[in-house]
Amino acid sequence: MGVALVLALVVAPEDADQGISQRIFYIHVPIALTAYFCFGLGAFKALLLLWRGEERYDLESYVAIHQGTIFGALTLITGAIWAKASWGVWWTWSSNQLVLFLVLFLFYCAYFMLRFSLEDGPRRARSSAVYALFGVALIPVSFLAIRLAEDFIHPTVFTREGPQMTGTMFATFMVAWAAVTMLAYTLYRVELAGKRLDADLRELREVLQ
Amino acid sequence: MSWSQEELVAAAYAVVFVFVLVYVAIIAAKLARLQRETAELVELARAKPRAGA
């Protein structure tokens, strides 16, 4: 993460069009990709729960979606700051990709409302899994909207001809992406271990009392 | 209020840093609670008479 920060803020050359504000790209895009990945992982774990019926997938799906929501919130905040720096607006409702990402984010925020409105048990696990699977349809729509819209907010930098940036910029982006992915994976493992330990302790208390 | 580009870049990175910091603080608080609960359960287990003793 430290190497990524140094590369993004010091080593990477300044963009000719956007100037210094382009440096937000190195944090905003990896975070957005990680949010998509976490939502996708949550849906995949939900599918495994419905398919195999193993209880552990419920917690794994929940934690992945929780991570996705955190990274989704960061995507919206860093994106708004980048928009303000480059184009002078915090938000625009006329841009489909922004609105679609917000819809995806709010959809998964509602997942928690559904989950915590039901009593703990197999019914809650199944209902949450079905909801998580519905949400996964929004991920390619949101992702492709960025490529299809081709407006000024999200210029496409990864084309069939390769990345439209210098080698240093691309290397910085890859290091930042790896760092954010490793951060997300670590947070996922720590949160999952904490939740499992919590459940085990609750069970142990019931046995002892 | 007008923001300079440098301030906005710093704000974007600071927001991420603060989010991660808060998240780690929450996890640390949770781990401390789990540690306390584990200690309580150990005490409870020790206080219980063993079966057959």
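Shielding of peptide A:194-202 by partners, expressed as the average count of other chain Cβ atoms within 10 Å per residue Cβ, is 3. As a proxy for reagent exposure, ranking B:Glu37, A:Glu191 by other Cβ atoms within 10 Å from fewest up yields B:Glu37, A:Glu191.
In terms of the mean number of neighbouring beta-carbon atoms within 10 Å, the peptides B:14-26, A:52-64 order highest first as A:52-64, B:14-26. Put in order of Cβ neighbour count within 10 Å, fewest first, the listed residues A:Leu201, A:Leu187, A:Leu144 become A:Leu144, A:Leu201, A:Leu187. Helix B:5-47 and the longest principal axis of the Cα set of chain B meet at an angle near 0°.
Per-peptide packing, taken as the mean over residues of other Cβ atoms within 10 Å, places A:27-35, A:112-120, A:75-83 in the sequence A:27-35, A:75-83, A:112-120 from highest down.
Taking amide H positions as modeled 1.01 Å from N, with prolines and chain starts lacking one, the residues under 5 Å from A:Asp15 and 5 or more places away or on another chain are A:Gln22. One compactness figure for region A:1-91 is 1.41, namely its Cα radius of gyration divided by 2.2 N^0.38 Å. With a 10 Å cut-off around each Cβ of B:37-43, the average count of Cβ atoms from other chains is 3.
Taken together, the values in this text are just the output of simple stated rules run on the coordinates, not laboratory data. Given the structure is predicted, the values throughout are model-derived calculations rather than measurements. A quick note on method: Cβ atoms are made from the backbone with ideal geometry, for glycine too, and the neighbour counts reach across all protein chains shown.
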